[in-house]
1. How many of the residues in the range 51-77 are open to solvent by less than 80 Å² (accessible area, probe 1.4 Å), in a loop (DSSP other than H, G, I, E, B) and modelled with pLDDT of 85 or more?
2. Filter the range 1-39 down to residues that are assigned to a helix (DSSP H, G or I), more than 30 Å from GLU49 (Cα to Cα) and either at pLDDT 75 or above or polar (S, T, N, Q) (or both), then give me how many there are.
Amino acid sequence: MPGWDHMMGTGAYGGMLMWLIVIIVIAFVVYLIVNRNLPAGGPRTGRGESALDILKRRYAEGEISKEEFDRMKREIGE
């Protein structure tokens, strides 16, 4: 077919390059989706609370004593 030759000039390597670009774009989109859902402050529990937040809540609700709170706070490194 005359007129289509300009599109076929790169041969097999052009097709592989196209698929490589598509795979890179898909990987980048997946990376953005995964990182968008991660909080900036580090790992969190399922409800969005850090370990220190949970510890503070437990202390405020009277589940743990001041000594337990201080010991656990040192253990988690906060």
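The values are calculated or read from the model by the stated rules, or taken from the named source; none is laboratory data. Worth saying up front: this structure is predicted, and the values here are computed from it rather than measured. The accessibility values were calculated without ligands, DNA or RNA, using every heavy atom of the protein model including side chains. Shrake-Rupley method; radii C 1.70, N 1.55, O 1.52, S 1.80 Å.
1. So the first thing to find is which residues in the range 51-77 are open to solvent by less than 80 Å² (accessible area, probe 1.4 Å), and the list is 51-55, 57-58, 62, 64-65, 68-70, 72-73, 76-77.
Okay, now just the ones that are also in a loop (DSSP other than H, G, I, E, B), so 62, 64-65, 77.
Right, trim to modelled with pLDDT of 85 or more and you get 62, 64-65.
The qualifying residues number 3.
2. Residues meeting the conditions: 12.
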